[in-house]
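Visitor: Following this message is one structure expressed as structure tokens.
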Amino acid sequence: SVPQLKAAVAELQAKGYKLPDFPENPATDTEKEVKARYAKVMGSAVNPVLREGNSDRRAPKAVKDYAKAHPHSMGAWSGDSKTTVGSMDGKGDFFSNEKSVTVAEATDVKIQFIGTDGTTKVLKDSTPLKAGEILDGTFMSKAALVDFLGTQIARAKEDGVLFSLHMKATMMKVSDPIIFGHAVEVFFKDLIAKHSATLKELGVDFRNGFGDLVAKIAKLPADKKAEIEADIQAAYAAGPALSMVNSDKGITNLHVPSDVIVDASMPAMIRAGGKVWDAQGKTGDTLAVIPDSSYAGIYQSVIDFCKKNGALDPKTMGSVPNVGLMAQAAEEYGSHNKTFEAPGKGTINVTDSDGNVLISHEVEEGDIWRACQTKDAPIQDWVKLAVNRA
């Protein structure tokens, strides 16, 4: 994430490496080039390289046997736990808007925005597709997301549980920081409205987390800084309690987008009996917010199971091998260069080299639109892997 990148650059500069600062708002061509070069190592830059093949993940027997003989600690689950998952439930999210097409012959597609005012903008000029390749496109409505986040924050407050947000801002390096930024803006909306001119002047970008505000107000005169800090405490008092990354240092779930990664944070929370840390260093139940409903249901099912049956037992529980479709930048692994914020109200079309519209979505300004492509060979290999393993 950007905060991690800036910290890494500062560390290398301190050791004598002549690296340029990361330009958040590049003004010159040189700064734009520097930002573009840094962008190449943002997110999980190594992942797509490692994952040129499909994944075949399993716990080796020796590891499984060791876990059974030396079970790790598990938090206790109670039937009256208030922990639950909040998701958009297919209302304006990526899951609800997905369209896909299989191309019969090799072609090259263009992604274009056509505004209701007649303006057009090419978002991506060329994406070559092989015969048999699957192309999918979808979007998350900004209006639906912002409304959902406001509802969930109020729900956490009413239920007396900790508000936690679970994204994957490293791997999904374009879409998820945008979603994370909206969450920060909704949670602190009164604070942001009151100090909007100052925050704009400081160049605060909530896609880098609430920590961006905390770091940048340090430059302000003492009285102004104290005023904003008092309003931050008022915002904490008015909202639901926030899940913490580091209670001692006051680092919340909303401080840094890459601090809480869904596929690590949700299992850890479930393993801890449905509990997360609060600001006092104690644990409590949580409303785990996972906006897109593609991913949310699996976690809710496990939570429901644990409420009914108690915590899972490492001594007796089974394990599930996982065969993943990810070769040749399949699915979301290849979506970063095909993810865009809609520049206005209009339509985003994907057209082939003959001018045929393959996928079309009506969008509003700020909607997060993305496409993925999955080649035929990885799909065949994925199915074969599963059959052979079984």
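The values are calculated or read from the model by the stated rules, or taken from the named source; none is laboratory data. Keep in mind the model is a prediction, meaning the values are calculated, not measured. Virtual Cβ from ideal backbone geometry, glycine too; neighbours counted across all protein chains shown.
Visitor: Considering only residues of the range 267-302 that are more than 19 Å from the chain's Cα centre (by Cα) and closer than 30 Å to residue 99 by Cα, which is surrounded by the fewest Cβ atoms within 10 Å (Cβ to Cβ)?
Guide: Among residues in the range 267-302 that are more than 19 Å from the chain's Cα centre (by Cα) and closer than 30 Å to residue 99 by Cα, the one surrounded by the fewest Cβ atoms within 10 Å (Cβ to Cβ) is 301.
Visitor: Can you list the strands (runs of 3 or more DSSP E) lying wholly within the range 279-390 that have 3 or more residues being at pLDDT 95 or above?
Guide: On the way: elements: 283-289, 322-324, 339-341, 346-351, 357-363, 368-374.
Per the criteria, 283-289, 339-341, 346-351, 357-363, 368-374.
Visitor: For a quick check of your reading: which helices (runs of 4 or more DSSP H) sit entirely within the range 152-230 and have at least 2 residues that are of a type in the set (Lys, Arg) and in the same structural domain as residue 341 (by TED's automatic domain parsing)?
Guide: Numbers: elements: 175-187, 189-194, 196-202, 210-216.
Per the criteria, 189-194.
Visitor: Which fully enclosed helices (runs of 4 or more DSSP H) of the range 1-94 have 1 or more residues being loosely packed, with under 15 Cβ neighbours inside 10 Å and in contact with a strand residue (DSSP E or B) (Cβ under 9 Å, 6 or more places away or on another chain)? Before the answer, list the steps.
Guide: Numbers: elements: 2-14, 29-39, 47-50, 61-69.
Qualifying helices (runs of 4 or more DSSP H): none found.
Visitor: Among all residue pairs at least 6 apart or on different chains, which show Cβ distances below 9 Å where the first residue, located in the range 244-260, is in the same structural domain as residue 183 (by TED's automatic domain parsing) and buried (at least 22 other Cβ atoms within 10 Å of the Cβ) and the second is small (Gly, Ala, Ser) and part of a strand (DSSP E or B)?
Guide: Short answer, once both residue conditions are applied: 253/164; 260/164.
Visitor: Look through the range 156-178, keep the residues that are in contact with a strand residue (DSSP E or B) (Cβ under 6 Å, 6 or more places away or on another chain) and among the charged types (D, E, K, R), and return whichever of them is nearest to residue 92 (Cα to Cα). Steps first, please.
Guide: Let us first name the residues in the range 156-178 that are in contact with a strand residue (DSSP E or B) (Cβ under 6 Å, 6 or more places away or on another chain), namely 156, 161-166, 168, 174-176, 178.
Those left that are additionally among the charged types (D, E, K, R): 168, 176.
Working: 168: 19, 176: 16 Å.
Of everything passing the filter in the range 156-178, 176 is nearest to residue 92 (Cα to Cα).
Visitor: Right, here's the next one. Return the pair list, or none, for Cβ contacts closer than 6 Å from residues in the range 27-44 that are within 14 Å of residue 8 (Cβ to Cβ) to residues that are assigned to a loop (DSSP other than H, G, I, E, B) and at pLDDT 90 or above, at least 6 apart or on different chains.
Guide: Filtered contacts from the range 27-44: 38/22.
Visitor: For the structure I just gave you, tell me whether residue 201 is free of Cβ contacts under 8 Å to residues at least 40 places away in the same chain, among the acidic types (Asp, Glu) and either under 25 Å from residue 101 (Cα atoms) or out of contact with any Asp or Glu (no Cβ under 9 Å at 6 or more places or on another chain) (or both). Before you say what the answer is, go through the steps one by one.
Guide: Numbers: free of Cβ contacts under 8 Å to residues at least 40 places away in the same chain: yes; among the acidic types (Asp, Glu): yes; either under 25 Å from residue 101 (Cα atoms) or out of contact with any Asp or Glu (no Cβ under 9 Å at 6 or more places or on another chain) (or both): yes.
Yes; evaluated as a whole, the condition is true for this residue.
Visitor: Looking at the range 339-356, is at least one residue buried (at least 21 other Cβ atoms within 10 Å of the Cβ), closer than 19 Å to residue 114 by Cα, in contact (Cβ under 8 Å) with a residue 40 or more places away in the chain and touching a helix residue (DSSP H, G or I) at 6+ places or on another chain (Cβ under 7 Å)?
Guide: Step one: of the range 339-356, the residues buried (at least 21 other Cβ atoms within 10 Å of the Cβ) are 339-340, 342, 346, 348, 350.
Retained after the next criterion (residues that are closer than 19 Å to residue 114 by Cα): 339-340, 342, 346, 348, 350.
Add one more test, that the residue is in contact (Cβ under 8 Å) with a residue 40 or more places away in the chain, and what stays is 339-340, 342, 346, 348, 350.
Still in the list and also touching a helix residue (DSSP H, G or I) at 6+ places or on another chain (Cβ under 7 Å): 339.
So far as the range 339-356 goes, yes, one or more of its residues are buried (at least 21 other Cβ atoms within 10 Å of the Cβ), closer than 19 Å to residue 114 by Cα, in contact (Cβ under 8 Å) with a residue 40 or more places away in the chain and touching a helix residue (DSSP H, G or I) at 6+ places or on another chain (Cβ under 7 Å).
Visitor: Which of the following residues is surrounded by fewer than 20 Cβ atoms within 10 Å (Cβ to Cβ) and modelled with pLDDT of 95 or more: 158, 133?
Guide: Numbers: 133 fails: surrounded by fewer than 20 Cβ atoms within 10 Å (Cβ to Cβ).
Only one candidate passes the filter, namely 158.
Visitor: While we're on this one: Kindly provide the set of residues from the range 250-278 that are out of contact with any Lys or Arg (no Cβ under 9 Å at 6 or more places or on another chain), modelled with pLDDT of 95 or more and assigned to a loop (DSSP other than H, G, I, E, B), ordered by number.
Guide: Of everything in the range 250-278, those that are out of contact with any Lys or Arg (no Cβ under 9 Å at 6 or more places or on another chain), modelled with pLDDT of 95 or more and assigned to a loop (DSSP other than H, G, I, E, B) turn out to be 253, 254, 255, 272, 273, 278.
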